[in-house]
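Read the structure below first, then the notes.
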Amino acid sequence: MSVTTVERAAPRETPSPEPSYLTAEHTVGSWLLTRDHKRIALLFFASITFFFFVGGIAATLMRLNLATPQGLLQPSVYNRMFTMHGIIMVWFFLIPSIPTTFGNFFIPLMIGARDLAFPRVNLGSWYVFNLSGLVVLYSLVMGGADTGWTFYTPLSASYANGYVFAAAMAVFINGFSSIMTSLNFIVTIHRLRAPGMTWLRLPLFVWGIYAVSVVMLTATPVLAMDTLLLAVERFIGVGLFDPTRGGDPILWQHMFWFYSHPAVYIMILPAMGVVSEIIPCYARRPIFGYVGMVLALMAIAILSFFVWAHHMFVAGISIYAGVFFSLTTFFVAVPSAIKVFNWTVSLHKGSIVFDAPMLYSLGFVLLFTVGGVTGLMLATLAIDVGVHGTYFVIAHFHYIMVGATVSAYFAALHYWWPKITGRLYPESWARFAAILTYVGFNLTFFPQFILGYLGMPRRSYTYPVEWQSWNVLSSAGASILAVAYALPLLYLGWSLIWGRKAGPNPWGATGLEWTTPSPPPDHNFSSTPTVVHEPYLYDPEKATFVSQEGTRHAG
Amino acid sequence: MYRWIPFWPDTAAVNAEVVNNLYIAELIVSGLIVATVVAMILAFGVRYRRGSPASRANLVQKTWHLEVGWTTATLGAFLILFVWGASIYIWLFQAPQGDEEVYVVGKRWMWKVEHPGGQREINALHVPVDKTIRVVMGSEDVIHSFFVPAFRIKHDVVPGTLQTIWFKANKTGVFRLVCTQFCGLQHATMQGEVDVMSAPDYARWLTEQGVHESLADQGRDVFRAHGCSGCHDENSTVHAPSLAGLYGTYVHLQDGSVRLADEAYIRDCILNPRSFTVAGFPPVMPDFSGQLGEDEVLKLIAYIKSIGKTRETGR
Amino acid sequence: MTIEVDPRRARPFPFVVAWALLLLLFGVSLWTAFLGLGLWAPVIQFGIAAIQVATVFILFMRLKGPPSLKWLFAVSGFFWLLFLYGLTMTDYSNRKGWPPAVPVSSSQQVHPPGS
Amino acid sequence: MPDRGARLLEVQYANLAHQGETAELGIWAFLINETIFFGALIFTYYFYRLTYPHDFALAARDTVLWCGSVNLAILVTSSLTMVLGINAAAQGERTKMIRWLVATCALGFAFMLVKGYEYYLDFQDQVVPAVNYVAKSGEGPAGELFWVFYWVATGLHAIHLMTGVGLVLYMLLWRIRRGEITPVYYTPLEVVGVYWSFVDVVWLFLFPSIYLVGRS
């Protein structure tokens, strides 16, 4: 196996022979009707950034309202704000955040393929996503739904008078977008791997996206059916969840959470994949227990379907179902514990560089650990009876969704920014933004754990005066977090024009995507690469690394 | 006992103390795990930062025993907490007979409380201290959730059936009652007070309400008004199951199943007789689901339970 | 360029036999509906439906031949449904107060359907 | 011939066989999603039938059995004609292929006609929830739940069938007319065939749950 040593030369300025995917064509049609997975990734990136800020505005209004007991918004406006914040953030930012942008862009590059299996289906997924975005914006502009993002019947079916039908249909249509994306990934990873890229040589990000796609493909249809039945019940006034006709409102909860708990794993699995890419690169050493990580990813994907009723311990389900689902929830925490352990030990004997992606990833590991551990508290039946429906639950899932997933999203954004745009971002600003995110986040959501155990119910626009100090602390933290999320927009935008040119491999990483010039040409690889090594072949002792197709580099 | 813990909610019920101990145990175990992860990240981060002299020789890529050890340790610790939590849950969610009973009906944005003695309250619940109070809850419209933070008890109130939960206050005082399942516009103000009083104060409070006709007596009037006595009375000619002493016994149904005659069962029989015909009786009972309000059903249940009691005292 | 024909497709005969088998099974299923089997009727009818579906899968959707990834995809849909059907039974089989009595809807629905 | 084959080959595939095989895997992956979609609907039916056996039996007695049976026969036959159409494509007999595909479309329309007539009968029978519903004597309120399931299930199935007919027409009027379906590469037709047979599979499950309840 010939190993050619290439000195890590300064990024020489030889113009790459082919034009990059950005400069290949310039017409609007070439963007809106593109079949190139890299351009579709950027289209998705634009859509979800827009929805991230729409959801963020709803969140800031809520935090302003909760800064004082008497509040800022009318009750009906606050109720619609938290509902739309939930719907937009869950379905229009978190679920598509990493798979549709970095998944679309890097899965073909990482497995050595020229494009995804079905490019037209991929573009269709973006258009279906935007269609559902229009429907949710219609529902938001016309007044929004006031049922909470969980749409519990019979409130959502017959008592709420907001735009529940439009919101439910938006979620229904959005389901198809994630199905089309996940279908594309599964078939691509099965069929289009480069020669030599066996299953155990796949980078962990590709495994993460594969696990997410399996969960998306099998969980989303149940939500589609659920929201369809709700829309039918809402539209004709008679439905399957109507207690006045013998229907069971808890049946809605069963089918909703059968989707929505795997959905929270849809949000965290790609984030785990991203962090498993970044930590070895900046610790300059192979990941600890690669096979253990792969098994943990797939175990989470499968076990996530057995735990959904831990959202319903006090909803009136039978005691034995409560005990059963509490037990399975403890077992689903085991793979997550393995992954946290492996990430931490992956720092052992490395030569660690604390760049921005690494800071975001370490922030991910810490916040995910706190989120996971409080999740186990909520899985303990007696504690859940005390804190269900209070701010303890809100703090728990924000630690996982915002603390872990959004930190990993920003980590991926910084880690792959040079490859996507060919530019390097200012390192000091990025580190400041990462630390500010971590501080702002903890200040926002840790007080809510205390409020939760004190008994402050969620989804209420007011609270007793004695808790104002905690809420003011939380609102202050929220403003810091808002700044920390806006900062990357500024300096990354700045780097687009004035940033230094990035060579093919600025961080010295081993993935196949780093063997292409950045930004990569239209068809990724001029000749299909053959893979010889497993991923993450870093050697901290001799400070060299071997990329997956066999060339050894210094650094 | 918990005064020395900062920011701790007040604890005013027997089960609240048990939950407190479990919560503290969870905090300790979770704190340990988070501390371990933070310590390891800091230690490795400092010791193996780029340019540090530490040796990187014979780097460990995979050791199953360390990984399996860490996982089984954490799983073992949490399974103990699971068993402890589950036992409290089963103890809490199987309401015993209780010394006192209270009927609570959740209606959009208010809690309507009815005591067996006929006293009615809105958004307030007066209970004696050191007594096991059994709360029977129903909802008239959407799903609410009966939550008293000081007692650490909570149960969703689902329209269509009756739910029961119990508590035993061990401290007098006024504690907040809250609805934690979003139920519409004024969900945030659907709150009330649980006023735990000593026994004499509670007795005096009951008499002050000035209502003489107990819930059971009101139930008897409803029982006669809707013609139930026509079939179910002692001396009626119609072949119908006798209701005397029914409460708390096991009933054999037509389809072979056996159901404990608790409030939910009696309510089902009144409103949906067809699916609960008792073995050996013709399914002729008319369907009352259109004519009886939630309060009247609760009154009938109180009356049917009272028939059971008088027979025992009679023996 | 020789047109090599997929051997599975040569003769229409096996497909016509499968078609006849499906209609026969349909007849049996119809017949069981009128036998008054009570609780066993749905079990048998859905069993026959499962056999019919298997026939359609294997022959009409060309799953015949060495087991491949398509088999896994064909079966995994039903496998996932087991989770939904099975685990909800832990709740409904012994939930207190189930099936619910139909309550009186004393406060009429405040919301006119259709908005 | 080879130039048309080359034009069909997409850039990310090694050869046409690779592309065809991947396309088939794609439709099967989509069918996982559809199986669970209809499976969740039949779950609500299975759950309510367990809970209210008596009401469901009474309500289901009013379904039009002969319509359901004729429709099942039509769909099973259309699966057969679809497969024979694909066989003809594989053997390169263009006219036989077109004849079988036209027969499949015709059977699809026949199904819609019978279904439409059945809906008309149901409307006469006043079993349309909320629009025109009268509960039969002795039937509890849960009967209406059965009819909500009936209309949602058969409506969704009809939409899927119309999509199937649309796909076959797309094949006939577009892909075959432009000569893209050749014995070397007929995978698009095979994908439509798999989807069509799946719609037939859904009806195989819906038939016993709707029409064979409460007949004895």
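Quick note: the coordinates plus some simple rules give every number you see, no bench work behind them. Just so we're clear, the structure is a prediction, and the values are computed from it rather than from any experiment. All Cβ positions, even for glycine, are placed from backbone atoms using ideal geometry, and neighbour counts span all protein chains on display.
Values computed for the structure shown
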quantity	calculated
Gyration tensor (alpha-carbon) shape descriptor, the range C:10-92, a/c threshold 1.5	oblate
Span-like helix ranges in chain D, DSSP H, alpha carbon extent 18 angstrom or more, Kyte mean at least 1.0	D:65-91, D:142-170, D:187-211
Förster radius 30 Å - calculated FRET efficiency between A:A46 and A:Y138, Cβ distance, rounded to 0.05	0.90
Tilt relative to chain A, helix A:37-66 - C-alpha long axis, 0 to 90 degrees, to 10	40 degrees
Span from the the range A:348-371 Cα centroid across to the the range A:521-555 one, whole angstrom	23 Å
Rg(Cα) / (2.2 N^0.38 Å) computed for the range B:215-314, rounded to two decimals	1.00
Length-normalised contact order of the range A:107-173 in % [C-alpha pairs under 8 Å, at least 6 apart]	34 percent
Two-site label geometry, B:S229 and A:R552: point separation in nm, points 7 Å out along Cα→Cβ	10.2 nm
Residue order, fewest to most beta carbons within 10 Å, for D:E180, A:E513	D:E180, A:E513
Farthest positive-ward along chain A dipole, Cα basis, beta-carbon charges - from A:N442, A:V206, A:A59	A:V206
Shielding by other protein chains, D:83-90, mean Cβ within 10 Å	5
Degrees separating the helix A:427-454 axis from the principal Cα axis of chain A, which is the longest one	20 degrees
Peptide A:540-547, shielding by other chains (average Cβ, 10 Å cutoff)	2
Efficiency of FRET from Cβ geometry, C:W31 and B:N170, R₀ 45 Å, rounded to 0.05	0.10
Computed label-point distance, nm, for sites A:I236 and D:Q124 using a 7 Å Cα→Cβ extension	2.0 nm
Under-5 Å amide H pairs with B:G117, H placed in peptide plane, nonlocal only	B:L215
More than 22 angstrom apart: percent of Cα pairs within the range B:100-208	25 percent
Taking chain B and dividing mean pair separation by its residue count, relative contact order in percent (alpha carbons under 8 Å, at least six apart)	15 percent
log₁₀ of I(q)/I(0) at q = 0.08 Å⁻¹ - the range D:26-211, Debye sum with one point per alpha carbon	-0.31
Rg followed by Dmax, in Å, when the protein assembly as shown is reduced to its Cα trace	32.2, 107
Peptides A:40-50, B:27-37 ordered by average Cβ neighbours within 10 Å, highest first	A:40-50, B:27-37
Relative contact order (%) - criterion: Cα under 8 Å, at least six apart; region: the range B:215-314	37 percent
Computed E for A:Q468/D:L113 - FRET, C-beta separation, R0 56 angstrom, nearest 0.05	0.25
Separation of the A:T27 and B:V14 label points, Cα + 7 Å toward Cβ, nm	8.0 nm
Computed [θ] at 222 nm, helices only, for chain D once each DSSP H run of length n ≥ 4 contributes -39500 (n - 2.57)	-26500 deg cm²/dmol
In degrees, nearest ten, helix A:249-283 long axis to first principal axis of chain A (Cα)	30 degrees
Most positive-pole-ward Cα, A:A382, A:H26, A:G103, against dipole of the protein assembly as shown from beta carbon charges	A:H26
Beta bridges by DSSP in chain A, antiparallel share as percent, to the nearest 5	85 percent
Ranked D:E139, B:E208, criterion: other C-beta atoms within 10 Å, fewest first	B:E208, D:E139
Pairwise centroid distance, computed over Cα atoms, of the range B:88-106 with the range B:250-283, Å	22 Å
Cβ neighbours within 10 Å from other chains - mean over A:119-126	1
Residue order, fewest to most beta carbons within 10 Å, for B:V238, B:V258	B:V258, B:V238
Given charges at beta-carbon only (K, R positive; D, E negative), |dipole| of chain A in Debye	560 debye
The range B:152-168-the range D:172-216 distance, computed between alpha-carbon centres (Å)	50 Å
